[in-house]
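The values are calculated or read from the model by the stated rules, or taken from the named source; none is laboratory data. Small disclaimer: the values here were computed from a predicted structure and weren't measured. Cβ sites come from the backbone with ideal geometry, for glycine too, and all protein chains shown count toward neighbours. For accessibility, only protein heavy atoms count, side chains too; no ligands or nucleic acids. Shrake-Rupley method; radii C 1.70, N 1.55, O 1.52, S 1.80 Å.
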Amino acid sequence: MTKTVKTQVCIIGSGPSGLLLAQILANAGVDTVLIDRRDRAYIEGRIRAGVLEQVTVKALEDAGVADRLHREGMPHDGVYLAFDGERHRIDLKGLTGKTVTVYGQTEMTKDLFDARTGAGQQFFFDAEDVTLNDLKADQPHVAFMHGGEKVTVECDYVAGCDGFHGVSRNAIPNDVLRTFERVYPFGWLGVLVDKPPVNEELIYAHHDRGFALASMRSPTRSRYYIQCDVNEKVSNWSDDRFWEELSLRLGAETAANLQTGQSIEKSIAPLRSFVAEPMRYGNMFLAGDAAHIVPPTGAKGLNLAVTDVLMLSRGLIEHYSNGNDHYIDRYSQDVLARVWKAERFSWQLSTLMHQFPDYSPFEKRMQRAEFDYLRNSEAASRSIAENYVGLPME
Ligand code: RFL
Ligand code: PHB
């Protein structure tokens, strides 16, 4: 049996990029179909980002999905960088006039799912063997298996929002696609725990034993990370071992306030910098992690995904409302200019804060000197602050 569905924009992937794009387009009267190879429970269960830029908060407000974010999100005026136990506060608000908001990606995803379910739009979960076809034609189509049935979606445009391991990027022919990549020789071991955070603001800590991050999800739920070997296994890390190592890296003064408990999630994420160019091929556009990955140190991944979607939705809405293709024609070049700046910042902060196994004593002194410079220079701190809160859209 084959089923054929028609739509204007076929969105592959219902992570934050795909869901937000669907929501913004639905609000503008553009019809979409969303396809994911997983189901809603799995997607909502993925513990990932926690820090939203103001631009992201505004995008969610404008899309009409920020009520709970306003009630439960935690605005933060600053973050700490710590080096071997010494702390330096980056006064985000004082240096830039802007703040960030702590609100879990899982919560944002739930809000977007609820909105879309409410609007009664089409979802296909658990889709298998998704293929993108005729991307250079006027009517591309996406085919997949769904509950034993073959489904074909005929559309005007395809939005590849299917993350780093998706199929959309690879639908661009090899002689067109260029990729740029740096794989870091370590990962982050993350733990979620129902205990109040160790500190009111986030702490990014450089330590001889490796990087550590103290973050949070709510006044009663904390998120912590420690740098670990890229081949490390979660099963090697009992909760006790994790708390002991985290305490050492945060330093005695901070660790004195650490409330430990049974972890409710524990996972390892590899660190990578990656960019794919171009972000458009024929009538397909890439958005979010499908096109670029940053190491999580700068808290940029989800925020970049949201700004991609803002730029793409603006282009598509202009096309459908006014027949104006100016923005979709510039999409790849405009987005990539911003992406590369976020790549630079995420790489810089990662390079400063982690232990690199192959670093010489000279390179370690360079890290220390950079921290000392930051601590004593308002200009250097402002540079970190303006990137952390997010560079302007244009
Ligand atoms: P996602 O979230 O990966 O969603 C892609 C969706 O596509 C589906 N999919 C497919 N569907 C159909 N067919 C296929 N062949 C498919 N292949 C895949 C998947 O099932 C999935 O549902 O990509 P998206 O939407 O672009 O969103 C990107 C963000 O998830 C990501 O950038 C952030 O999580 C990165 N990130 C952070 N970003 C921030 O802005 N601030 C942070 O504080 C932050 N912390 C983090 C992070 C990422 C982390 N990890 C685990 C990598 C912390 C961590 C530890
Ligand atoms: C998180 O809370 O998961 C988090 C916060 C800041 C980062 C990365 C992850 O830079």
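Summary table below
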item: Elements of type helices (runs of 4 or more DSSP H) in the range 27-119, at least 3 residues being in contact with a Gly (Cβ under 9 Å, 6 or more places away or on another chain), over 20 Å from ARG221 (Cα atoms) and in contact (Cβ under 8 Å) with a residue 24 or more places away in the chain; result: 54-62
item: Those residues of the range 292-309 which are away from ligand 2 (no atom under 14 Å from the Cβ) and either free of Cβ contacts under 8 Å to residues at least 60 places away in the same chain or out of contact with any Ser or Thr (no Cβ under 9 Å at 6 or more places or on another chain) (or both), in sequence order; result: HIS292
item: Residue in the range 13-27 that is closer than 30 Å to GLU370 by Cβ and surrounded by fewer than 23 Cβ atoms within 10 Å (Cβ to Cβ) present; result: no
item: Sole exception among (1) surrounded by fewer than 21 Cβ atoms within 10 Å (Cβ to Cβ); (2) under 25 Å from the mean Cα position of the chain (by Cα); (3) over 21 Å from ARG46 (Cβ atoms); (4) not polar (S, T, N, Q) for ASP194, by number; result: (3)
item: Residue count, the range 145-164 (criterion: in a strand (DSSP E or B) and of a type in the set (D, E, K, R)); result: 3
item: Filter result for ASP208 (outside any loop (DSSP other than H, G, I, E, B), more than 13 Å from ligand 1 (Cβ to nearest atom) and either more than 24 Å from VAL51 (Cα to Cα) or among the hydroxyl-bearing types (Ser, Thr, Tyr) (or both)); result: no
item: Subset tally (residues that are assigned to a helix (DSSP H, G or I) and in contact with an Asp or Glu (Cβ under 8 Å, 6 or more places away or on another chain)) for the range 307-333; result: 8
item: Index of the failed condition, THR106 passing every other in (1) open to solvent by 10 Å² or more (accessible area, probe 1.4 Å); (2) away from ligand 2 (no atom under 16 Å from the Cβ); result: (2)
item: Selected residue [modelled with pLDDT of 95 or more, within 30 Å of GLN348 (Cβ to Cβ) and either of a type in the set (Asp, Glu) or in contact with a Phe, Trp or Tyr (Cβ under 7 Å, 6 or more places away or on another chain) (or both)] from ASP162, ASP194, ASP129; result: ASP162
item: Test result for VAL142, within 16 Å of ligand 2 (Cβ to nearest atom) and crowded, with 22+ Cβ neighbours inside 10 Å; result: no
item: Failed item in (1) assigned to a strand (DSSP E or B); (2) surrounded by fewer than 13 Cβ atoms within 10 Å (Cβ to Cβ); (3) not hydroxyl-bearing (Ser, Thr, Tyr), with ASN231 passing the rest; result: (1)
item: Selection count, the range 339-369, where residues are touching a residue at least 60 places away in the same chain (Cβ under 8 Å), in a loop (DSSP other than H, G, I, E, B) and not charged (D, E, K, R); result: 4
item: Qualifying positions in the range 145-167 - open to solvent by less than 50 Å² (accessible area, probe 1.4 Å) and either of a type in the set (A, V, I, L, M) or without any contact (Cβ under 8 Å) to a residue 12 or more places away in the chain (or both); result: VAL151, VAL153, VAL158, ALA159
item: For VAL183: the one exception among (1) under 18 Å from the mean Cα position of the chain (by Cα); (2) within 14 Å of ligand 2 (Cβ to nearest atom); (3) among the hydrophobic types (A, V, I, L, M, F, W, C); result: (2)
item: Residues of the range 54-73 that turn out to be open to solvent by 90 Å² or more (accessible area, probe 1.4 Å) and within 19 Å of PRO392 (Cα to Cα), as a count; result: 2
item: Extreme residue, farthest from ligand 1 (Cβ to nearest atom), among residues of the range 28-53 that are under 29 Å from GLN139 (Cα atoms) and open to solvent by 40 Å² or more (accessible area, probe 1.4 Å); result: GLY29
item: Filtered residue count, the range 365-376, keeping only those that are open to solvent by less than 20 Å² (accessible area, probe 1.4 Å), farther than 23 Å from GLU53 by Cα and not aromatic (Phe, Trp, Tyr); result: 1
item: Condition met for ASN170 (loosely packed, with under 13 Cβ neighbours inside 10 Å and free of Cβ contacts under 8 Å to residues at least 60 places away in the same chain); result: no
